[in-house]
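These notes concern the structure reproduced below.
The values are calculated or read from the model by the stated rules, or taken from the named source; none is laboratory data. Everything numeric in this text was worked out from a predicted model, so none of it was measured. Cβ atoms come from the backbone with ideal geometry, glycine included; neighbour counts cover every protein chain shown.
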Amino acid sequence: IVSGILTWDDCARNSKAWGTFVSFASLVGLAAMLNNLGIVKWVASTITAQITAAGLSTVPAFFVILLSYWGVHYLFASQVAHVSALYQPFLLMMVQSGTPAVPAALALAYASNLFMTLTPYASAQSAVIMGGQYVTVGEWYKAGFAYFVFYATVWMSVGAAWWHVIGLI
């Protein structure tokens, strides 16, 4: 706008971009309000109590929570939306289940980076690749599930062993 390449009218006419901004702002605002009202803590505590009641110790609880965080991304059409809404409650569940805070935060952050592979609508990058018609939707889901299994196996075995070697867990 300052350089004159675009005018304010050009920006204002792009209703899809404004719709995206409003959607993200609404989601981030909703996540903040849920946290301010204590709902995030309440939900996390309730789920943690169920995990404890099921008799899961710290390590199995960690893996159940991590896999749930990863898997629930099938319900989200955005990495930003998922992380904004669910990172904090899942981190709280892990910590309340006995996982040290740093490994819990790192595990969720690493898992958040792999959402793109899960579905053709999982991230902005996914949409670009699907738009190029390099793969079919069916191929995407098959490959996405294979990547999920591969990464989950590597991170939960080799990654856990490495964290143990360096003293993180």
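Within region 96-111, track down each residue that is part of a helix (DSSP H, G or I) and surrounded by fewer than 18 Cβ atoms within 10 Å (Cβ to Cβ).
Selection gives Ala101, Val102, Pro103, Ala105, Leu106, Ala109, Tyr110.
Here is a yes/no grid of residues against (1) surrounded by 14 or more Cβ atoms within 10 Å (Cβ to Cβ); (2) of a type in the set (Phe, Trp, Tyr):
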| site | (1), (2) |
| --- | --- |
| Ser15 | no, no |
| Trp18 | no, yes |
| Val22 | no, no |
| Val28 | yes, no |
| Ala31 | yes, no |
| Leu34 | yes, no |
| Thr48 | yes, no |
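Among the residues of region 131-169, which ones are assigned to a helix (DSSP H, G or I), of a type in the set (A, V, I, L, M) and either at pLDDT 90 or above or under 18 Å from His73 (Cα atoms) (or both)?
Residues of region 131-169 that are assigned to a helix (DSSP H, G or I), as a first pass: 131, 137-165.
Of the ones still in play, those that are also of a type in the set (A, V, I, L, M) are 137, 143, 146, 149, 152, 154, 156, 158, 160-161, 165.
Hits for region 131-169 are Val137, Ala143, Ala146, Val149, Ala152, Val154, Val158, Ala161, Val165.
Testing Val135 on (1) closer than 27 Å to Gly29 by Cβ; (2) surrounded by fewer than 16 Cβ atoms within 10 Å (Cβ to Cβ), one condition comes back false. Which one is that?
(1)
If the Cβ limit is 7 Å and pairs must be 6+ apart or interchain, which residue in region 90-112 that is within 14 Å of Trp155 (Cα to Cα) pairs with which residue that is of a type in the set (Val, Ile, Thr)?
Going by the 7 Å Cβ cut-off, the qualifying pairs are Pro103/Ile169; Ala104/Val95; Ser112/Val83.
Name the residue, out of Leu27, Leu34, Leu75, Leu56, that is at pLDDT below 80 and touching a Ser or Thr at 6+ places or on another chain (Cβ under 9 Å). Spell out the reasoning first.
Working: Leu34 fails: touching a Ser or Thr at 6+ places or on another chain (Cβ under 9 Å); Leu75 fails: touching a Ser or Thr at 6+ places or on another chain (Cβ under 9 Å); Leu56 fails: at pLDDT below 80.
One residue alone meets the criteria, Leu27.
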